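Below: one structure, written as structure tokens.
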Amino acid sequence: MIQIVIAEDQRMMLGALGSLLNLEDDMEVVGKAHNGEEAIELVKKLQPDVCIMDIEMPEKTGLEAAEEIKLLPFDCKVIILTTFARTGYFQRALKAGVKGYLLKDSPSEELADSIRNVMSGLRVYAPELMDDLYSEENPLTEREMEVLGLVADGKNTKDIAAELTITAGTVRNYISTILDKLQVTNRIEAIRQSKEKGWFK
């Protein structure tokens, strides 16, 4: 019997997923979490075979939870089930060692098949994400993402310079490089594009 924990902040979706998977002869939903923090606690306590997680949840996101679950001393396979086909999210999910990344608009029978495939050692990723994976890599360095993150937090050039202990001129250079690389004309567009592609942690 494949034991499953589901983490989903929308209660109706959580209930529906649980009922759907419990109909399968070889599956049992042993725990349900409403956020990433609860998911980690349930996985530690129940040691299920599989944890199915949404990405955008309170407390901790599904990606943050997946990164922590990867470090546990037993094997729990994580499958992301989300509405977001964002390349940045997918790249981060791959780094967190997730075994599946499925979209919520996939047919419901695909989920059970995907769980069985993951249990047999395969990886299952939504085909539309595979198409985008290599064409959408984040062109910004970690430092540039750090600067853009501070801009997104509402900090001005002077604040960013003080926080990163660099000069205001260096901050302006970073921002100019960011705009060039993303081919946008202002900071707001740069933030929007990075959020849409899931590059912000």
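Scanning region 7-33 for residues that are under 15 Å from Ala65 (Cβ atoms), open to solvent by 50 Å² or more (accessible area, probe 1.4 Å) and at pLDDT 95 or above returns a single hit, Lys32.
Which one is least open to solvent (accessible area, probe 1.4 Å) among residues in region 94-108 that are farther than 8 Å from Ile80 by Cα and among the hydroxyl-bearing types (Ser, Thr, Tyr)? Ranking the qualifying residues of region 94-108, first place goes to Ser106.
Residue pairs whose Cβ atoms lie under 9 Å apart, separated by 6 or more positions or on different chains, with the first residue in region 154-165 and under 19 Å from Ala190 (Cα atoms) and the second of a type in the set (Phe, Trp, Tyr) and surrounded by 12 or more Cβ atoms within 10 Å (Cβ to Cβ), are Ile160/Tyr174.
Residues in region 36-51 that are open to solvent by less than 20 Å² (accessible area, probe 1.4 Å) and either out of contact with any helix residue (DSSP H, G or I) (no Cβ under 7 Å at 6 or more places or on another chain) or part of a helix (DSSP H, G or I) (or both): how many? Explain how you work it out, then say what you get.
Quick first cut of region 36-51, residues open to solvent by less than 20 Å² (accessible area, probe 1.4 Å) only: 36, 39-40, 43, 48, 50-51.
From what's left, either out of contact with any helix residue (DSSP H, G or I) (no Cβ under 7 Å at 6 or more places or on another chain) or part of a helix (DSSP H, G or I) (or both): 36, 39-40, 43, 48.
The total comes to 5.
Going by what's in this entry, would Phe90 be described as hydrophobic (A, V, I, L, M, F, W, C) and either touching a Ser or Thr at 6+ places or on another chain (Cβ under 8 Å) or open to solvent by less than 30 Å² (accessible area, probe 1.4 Å) (or both)? Judged against the criteria, Phe90 is a match.
Among the listed residues Ile166, Ile175, Ile160, Ile191, which satisfies the condition of being part of a loop (DSSP other than H, G, I, E, B), of a type in the set (Val, Ile, Thr) and either open to solvent by less than 60 Å² (accessible area, probe 1.4 Å) or more than 26 Å from Tyr89 (Cβ to Cβ) (or both)? Lay out the reasoning, then the answer.
Details: Ile175 fails: part of a loop (DSSP other than H, G, I, E, B); Ile160 fails: part of a loop (DSSP other than H, G, I, E, B); Ile191 fails: part of a loop (DSSP other than H, G, I, E, B).
Unique residue meeting the criteria: Ile166.
Restricted to helices (runs of 4 or more DSSP H) entirely inside region 70-134, those with at least 2 residues that are over 27 Å from Ser194 (Cα atoms) and either free of Cβ contacts under 8 Å to residues at least 24 places away in the same chain or among the polar types (S, T, N, Q) (or both) are 108-119. Taken as a whole, the condition of being part of a helix (DSSP H, G or I) and modelled with pLDDT of 95 or more does not apply to Ile4.
Is it fair to say Ile79 is modelled with pLDDT of 95 or more and under 18 Å from Arg123 (Cα atoms)? Here the answer is yes, as Ile79 does meet what is asked.
The values are calculated or read from the model by the stated rules, or taken from the named source; none is laboratory data. Since the model is a prediction, treat every value here as computed from it, not as a measurement. Every residue, glycine as well, gets a Cβ built from its backbone with ideal geometry; the counts of neighbours run over all protein chains shown. Areas reflect the complete protein model, heavy atoms only, side chains present, ligands, DNA and RNA absent. Shrake-Rupley method; radii C 1.70, N 1.55, O 1.52, S 1.80 Å.
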